[in-house]
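Single-structure report; data block below.
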Amino acid sequence: MKGSLSSPKDLNEYRKSIQSTKKKFEKVISVCGGTGCHAQNCVQVREEISRELDERLLSDKVMVKFTGCHGFCEMGPLVVIHPAGILYVKVSPSDAQRIIESSVVGDSVIDELLYKDVATGKNFEKEQDVPFYSKQKRLLLAMNGMIDPQNIEDYIAQEGYSALVKALFEMSPEEIIKEVEIAGLRGRGGAGFPTANKWKACRRARARDNIKYILCNADEGDPGAYMDRSLLEGNPHAVIEGMIIGAYAIGATEGFVYVRHEYPLAVENLLKALEQARQLGLLGDNILGSGFSFDIKVSVGGGAFVCGESTALMASIEGRIGEPRVKHIHTAEKGLYNRPTNLNNVETWANVPIIIREGAEAYARIGTEKSRGTKIFSLVGKVRNTGLVEVPMGITLREIIFDIGGGMANGKAFKAVQTGGPSGGCIPESMLDTPVDFERLTEVGSMMGSGGMIVMDESTCMVDIARYFVDFLCEESCGKCVPCREGLKQMRFILDDIVSGRATGKQLELLKELAEVVRDTSLCGLGQTAPNPVLSTIKYFEDEYHEHIEEKRCRAGVCRDLIEYQIDADKCTGCLRCKAQCPVGAVLGEKEKPHHIDLSKCEKCGICYEVCEFGAVLRK
């Protein structure tokens, strides 16, 4: 890697030399190196492909890149052959030889490694044609499958840091903020606050010792969400470039990325990227000879969900307990170390270089009038194609779940989708055509949140879902304010009574009242949004609450205390399979004779129901 660059001219010449060097490679093999693919032996896949190329003396003609997450996590490990764009899914190390022979040395494809659409039975050869990708609008994730996150030259070759040059040498701080304002960029961390308004307030604020801070919130704590992690793992330089531009616009001198400790690969790639940026003079003193100095440190948090809240995050960076404070004085005036501070999340910062490089008007043409640009969601749950999807604002939930996600897994009916993480709401089938933007999701009782999207089918109990998220938030509450600390506990007690069949109708009314009080009186966003799962499930699935309370019945067969297993003697063949599998010996009977269940011993685990091939075990 080259030494320090002292001017835009140096950077431009360096970029040209990198691009010239890369042209000598006839083909590039991109191996997904995201966390999900790491769990499926992607490292071994990369090593086998590299070894095969070395043995065939092809390493000087074919480049192997270990990239970030490609998004299609359900099908990992993923391998893409460029420039043809051939996508292979669920690749194993033993496939390396065939891939090189067929698609590198030769010009054929391996049919069994192609993605096959379950609904149509059609094989897709090109990555861009796969339904999972074809309806997406990949601005932020576009480079994830193209660059090695531990090699800054890959990012520079893709016009990386050109937005920084434009900002530092062609624009004033005020012009940068105006450009972000025209683009309509809103915070992607959950609340959707206009980014330019934050920047304006922080720029205006008086700074003691002329010190202001830029913070990046990478404390992604929503169950099932991993958008920020994948951006930091796959393209850390986009976040770094965005932060430097923001710092110049605001007048900040130092930045912090606050990332949870459960993201070791993201931390590793980020630290490597920061080191390389400093070495090239893109970070630190007198950046590219502009006279502007700025540096970034990494602060690893302990994993507390409440530290995603701005003031709690700042307290944690300072080494104090991660508790929120009342914001009578905004953090733009007194934030980290009581100095003006601007906080945005990973996805928000990654949008900034795109806006500056491509122009605000081009960015603003994507999305809706009030929600511009794209949004990344982690699509998980009972959907066929799980993974990261980046879509234009305004796309409907139905398009995301059924067109991109491929519809429901296992042939079961759709029931609900929860957006916004544990503080979001559950949206029913009747509202699948709701456009995905900040206002519409709030109107239907949910929220955008950071981008978690959990799909549920008919086997999901909505009361149990509400209880799960209230339990999670109860454990994650910092306990500083009474409404959140005590209110969530009482809500959990009532939900425990409902799922166990002990509740009364009066308790359901009390649950509603408690939820509203917690929402209206809690100190921070955690408590204020914590009742959303309860209020939304009561609003759209109140009949299930009444079934639990009045009929002592769980239609999904999830709540154990409301389930009873029986064996239909007419259907039972006496095969002994359920008896052999029962962990407590509750199934009684002799071979080839009808069995029965001793209900005093039965722990309602459901194993007998699952293993019976004759439909003899009934769940009531």
Being under 37 Å from the mean Cα position of the chain (by Cα) and closer than 14 Å to Lys571 by Cβ is the filter; apply it to region 590-610 and report the residue that is surrounded by the most Cβ atoms within 10 Å (Cβ to Cβ).
Cys608
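Determine whether Thr311 is in contact with a Gly (Cβ under 9 Å, 6 or more places away or on another chain) and within 22 Å of Ala238 (Cβ to Cβ). Spell out the reasoning first.
Working: in contact with a Gly (Cβ under 9 Å, 6 or more places away or on another chain): yes; within 22 Å of Ala238 (Cβ to Cβ): no.
Taking the combined requirement at face value, the residue does not satisfy it.
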Please state which of the following conditions Tyr248 fails to meet, knowing it meets all the rest: (1) within 26 Å of Pro173 (Cα to Cα); (2) aromatic (Phe, Trp, Tyr); (3) surrounded by 24 or more Cβ atoms within 10 Å (Cβ to Cβ).
(3)
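Tell me, yes or no, whether region 419-441 has at least one residue that is assigned to a helix (DSSP H, G or I), hydrophobic (A, V, I, L, M, F, W, C) and surrounded by 20 or more Cβ atoms within 10 Å (Cβ to Cβ).
Yes, region 419-441 contains a residue that is assigned to a helix (DSSP H, G or I), hydrophobic (A, V, I, L, M, F, W, C) and surrounded by 20 or more Cβ atoms within 10 Å (Cβ to Cβ).
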When both residues are 6+ apart or on different chains and their Cβ atoms are under 7 Å apart, which pairs have a first residue that lies in region 137-158 and is at negative phi, and a second that is basic (Lys, Arg)?
Asp148/Lys65; Gln150/Lys272; Ile156/Arg15; Ala157/Arg15; Ala157/Lys22
Hey, could you check region 376-415 for residues that are of a type in the set (Ser, Thr, Tyr) and in contact with a helix residue (DSSP H, G or I) (Cβ under 8 Å, 6 or more places away or on another chain) and say which is farthest from Gly189 (Cα to Cα)?
Thr386
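Taking the condition of being assigned to a helix (DSSP H, G or I), under 13 Å from Leu495 (Cβ atoms) and either of a type outside the set (Phe, Trp, Tyr) or touching a Lys or Arg at 6+ places or on another chain (Cβ under 6 Å) (or both), how many residues in region 519-558 meet it?
In the first step, residues of region 519-558 are kept if they are assigned to a helix (DSSP H, G or I); the result is 519-521, 525-529, 532-551.
If we keep only those that are under 13 Å from Leu495 (Cβ atoms) as well, we get 533-535, 537-538, 544-545, 548-549.
Keeping just the survivors that are either of a type outside the set (Phe, Trp, Tyr) or touching a Lys or Arg at 6+ places or on another chain (Cβ under 6 Å) (or both) gives 533-535, 537-538, 544, 548-549.
So the count comes out to 8.
Scan region 157-173 residue by residue and report those that are surrounded by fewer than 24 Cβ atoms within 10 Å (Cβ to Cβ) and either among the hydrophobic types (A, V, I, L, M, F, W, C) or in contact with a helix residue (DSSP H, G or I) (Cβ under 8 Å, 6 or more places away or on another chain) (or both). Spell out the reasoning first.
Let us first name the residues in region 157-173 that are surrounded by fewer than 24 Cβ atoms within 10 Å (Cβ to Cβ), namely 157-159, 162-163, 165-166, 168-173.
Hits for region 157-173 are Ala157, Gln158, Glu159, Ser162, Ala163, Val165, Lys166, Leu168, Phe169, Met171, Pro173.
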How many residues are touching a His at 6+ places or on another chain (Cβ under 7 Å) and in a helix (DSSP H, G or I) if we restrict to region 559-582?
3
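Condition first: touching a Phe, Trp or Tyr at 6+ places or on another chain (Cβ under 7 Å) and farther than 27 Å from Ser230 by Cα. Now tell me which residues in region 319-339 satisfy that. Spell out the reasoning first.
Within region 319-339, the first condition is being touching a Phe, Trp or Tyr at 6+ places or on another chain (Cβ under 7 Å), and the residues that meet it are 335-336, 339.
Correct list: Gly335, Arg339.
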Given the conditions (1) under 26 Å from Phe169 (Cα atoms); (2) surrounded by 18 or more Cβ atoms within 10 Å (Cβ to Cβ); (3) of a type outside the set (Phe, Trp, Tyr), every one holds for Ser6 apart from (2)
Taking region 188-200 and keeping only residues that are modelled with pLDDT under 95 and in contact with a helix residue (DSSP H, G or I) (Cβ under 6 Å, 6 or more places away or on another chain), one is left with Arg188, Gly192
Got a sec? Which of Leu231, Leu288 is on the phi > 0 side of the Ramachandran plot, in a helix (DSSP H, G or I) and crowded, with 22+ Cβ neighbours inside 10 Å?
Leu288
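Residue by residue, here is whether (1) surrounded by fewer than 22 Cβ atoms within 10 Å (Cβ to Cβ); (2) among the β-branched types (Val, Ile, Thr); (3) touching a residue at least 12 places away in the same chain (Cβ under 8 Å); (4) more than 30 Å from Glu170 (Cα to Cα) holds:
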| site | (1), (2), (3), (4) |
| --- | --- |
| Val298 | yes, yes, yes, no |
| Gly302 | yes, no, yes, yes |
| Val306 | no, yes, yes, yes |
| Ala315 | yes, no, no, yes |
| Arg320 | yes, no, no, yes |
| Pro324 | no, no, yes, yes |
| Lys327 | yes, no, yes, yes |
| Thr331 | no, yes, yes, no |
| Lys334 | yes, no, no, yes |
Considering region 190-221, residues that are surrounded by fewer than 24 Cβ atoms within 10 Å (Cβ to Cβ) and closer than 20 Å to Ile376 by Cα, and then whichever is farthest from the chain's Cα centre (by Cα), we arrive at Pro194
As an exercise: evaluate Ala183 against (1) in the same structural domain as Gly359 (by TED's automatic domain parsing); (2) within 30 Å of Glu55 (Cβ to Cβ); (3) among the hydrophobic types (A, V, I, L, M, F, W, C) and give the number of the one condition it does not meet.
(2)
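Within region 291-310, which residues are outside any loop (DSSP other than H, G, I, E, B), modelled with pLDDT of 95 or more and of a type outside the set (D, E, K, R)? Let's see the steps before the verdict.
Going residue by residue through region 291-310, those that are outside any loop (DSSP other than H, G, I, E, B) are 294-301, 305-308, 310.
Now restrict to residues that are modelled with pLDDT of 95 or more: 294-300.
Of everything in region 291-310, those that are outside any loop (DSSP other than H, G, I, E, B), modelled with pLDDT of 95 or more and of a type outside the set (D, E, K, R) turn out to be Phe294, Ile296, Val298, Ser299, Val300.
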If I filter region 356-370 down to residues being crowded, with 22+ Cβ neighbours inside 10 Å and in contact with a helix residue (DSSP H, G or I) (Cβ under 6 Å, 6 or more places away or on another chain), which single residue comes out as farthest from Ile176 (Cα to Cα)?
Tyr363
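Condition (residue is modelled with pLDDT under 95 and either of a type in the set (Phe, Trp, Tyr) or in contact with a strand residue (DSSP E or B) (Cβ under 6 Å, 6 or more places away or on another chain) (or both)) applied to region 153-176: is it met by at least one residue?
Going residue by residue through region 153-176, those that are modelled with pLDDT under 95 are none.
There is no residue in region 153-176 that is modelled with pLDDT under 95 and either of a type in the set (Phe, Trp, Tyr) or in contact with a strand residue (DSSP E or B) (Cβ under 6 Å, 6 or more places away or on another chain) (or both).
The values are calculated or read from the model by the stated rules, or taken from the named source; none is laboratory data. Remember, predicted model here, so these are calculated numbers, not experimental data. Here Cβ is always computed from backbone atoms with ideal geometry, including for glycine, and neighbour counts include all displayed protein chains.
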